[in-house]
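What follows is calculated from the coordinates using simple rules that are stated; it is not laboratory data. Quantities reported herein were computed from a predicted structural model and do not represent experimental measurements. Counting neighbours? That spans all protein chains shown, and the Cβs are built from the backbone with ideal geometry, glycine included.
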Amino acid sequence: MKLFKTSAGHLRQIWWVVIFFLVLAAITFPVIFLSQQYHWEITVLHQALIVLAATFISQLLRKKPFSEIAGTINFTWVKNLLQGILLGALLMFLPALILYLGGWVRFEIQPIDAKVLLNATVVFISVAVAEEFLFRGFIFQRLTGSIGVWPAQLIIAAYFLLIHINNPGMEGTIKLLASANIFTASLLFGFAFLKTKSLAMPIGIHFMANWMQGTLLGFGVSGNDEAGILKPLFVQAPAWLTGGTFGLEASLFGLVSLVIITAAFYTWYPSKQLNSIN
């Protein structure tokens with residue numbers, strides 16, 4: 001009995017993680033079947049909706065509100081979202097600025113269709129929502145309540161890296177730099193949730209970092225080519241310095257900037273407590 005329930009008679013947090021994945025699978029497989037039957041593509045937006053649905057159902061089973069996972073939508077939630085957007089922009093602006101001032105990259109303005117711009121924005125919002133609810137939502141919050149903050153952070157960061165490990169361009173030095181960046185970014189997103197008890201800030205950081213890197217600056221995003229308002233032109237610089245086609249995530253300056261910002265955020269951003277979540 002102790003294997004499944006606590007002394008208070010509640011189901012152990014780790015089993016809720018198992019239940020979440022079962023719910024996620026129960027939704028995902030029928031969607032895959034229907035997409036094959038009717039020949040439609042499962043987009044990132046669909047993936048976000050699937051994760052949201054699995055989270056909502058799992059919370060119903062726990063008899064807990066959805067706001068426990070996402071945070072209560074109010075002025076503070078919006079403020080955290082905007083702060084996350086500013087932080088995400090800073091994460092990509094700083095390494096791009098260093099590369100530009102160092103003469104390793106120059107930029108050209110290129111025409112971009114409004115529809116392409118809107119589609120890219122919707123995709124990056126969907127990616128941020130899907131990945132933050134999956135990696136910093138139900139699973140992460142149950143793990144912190146079960147094994148503690150740091151073990152949960154490290155497990156989720158490793159899981160986050162594993163999902164991205166086969167992205168285009170993950171080879172050689174680029175793979176090492178990109179892996180370190182992705183792992184550290186997951187820690188930052190986790191701290192953003194833990195300090196605010198809301199997914200608003202991690203969603204804001206995640207969305208704007210991708211949008212700034214790809215849609216504005218024109219770099220690749222995790223190895224995927226993006227049409228941007230600007231087009232980066234590399235000037236006799238090694239890929240490990242600029243990130244090459246993978247994006248600023250694989251840039252040495254991108255990694256250094258991320259580590260500094262993550263450490264500063266963890267140290268100085270106000271927080272009531274940085275303990276476990278029940």
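Going by the structure shown, is residue 90 free of Cβ contacts under 8 Å to residues at least 12 places away in the same chain and surrounded by 15 or more Cβ atoms within 10 Å (Cβ to Cβ)?
no
Find the residue count for region 183-192, including only residues that are of a type outside the set (Val, Ile, Thr) and in contact (Cβ under 8 Å) with a residue 60 or more places away in the chain.
Count: 5.
Please determine, by comparing only the residues of region 121-158 that are over 19 Å from residue 28 (Cα atoms) and of a type in the set (Phe, Trp, Tyr), which one is nearest to the chain's Cα centre (by Cα).
Result: 124.
With the requirement that a residue be part of a helix (DSSP H, G or I) and crowded, with 22+ Cβ neighbours inside 10 Å, what does region 192-207 give you?
Across region 192-207, the qualifying residues are 192, 193, 194, 196, 200, 201, 202, 203, 204, 205, 206, 207.
Within the group 73, 27, 85, 57, which residue is of a type outside the set (Lys, Arg) and in contact (Cβ under 8 Å) with a residue 40 or more places away in the chain?
85
What helices (runs of 4 or more DSSP H), lying completely within region 41-153, carry at least 2 residues that are over 30 Å from residue 18 (Cα atoms)?
The helices (runs of 4 or more DSSP H) meeting that bar are 75-101, 114-135.
Would you mind finding the one in 210, 166 that is within 29 Å of residue 240 (Cβ to Cβ) and not in a helix (DSSP H, G or I)?
166
Please go through (1) surrounded by 15 or more Cβ atoms within 10 Å (Cβ to Cβ); (2) over 30 Å from residue 5 (Cβ atoms); (3) more than 14 Å from the chain's Cα centre (by Cα) for residue 84 and return the number of the only condition it doesn't satisfy.
Of the numbered conditions (1) surrounded by 15 or more Cβ atoms within 10 Å (Cβ to Cβ); (2) over 30 Å from residue 5 (Cβ atoms); (3) more than 14 Å from the chain's Cα centre (by Cα), the odd one out for residue 84 is (3).
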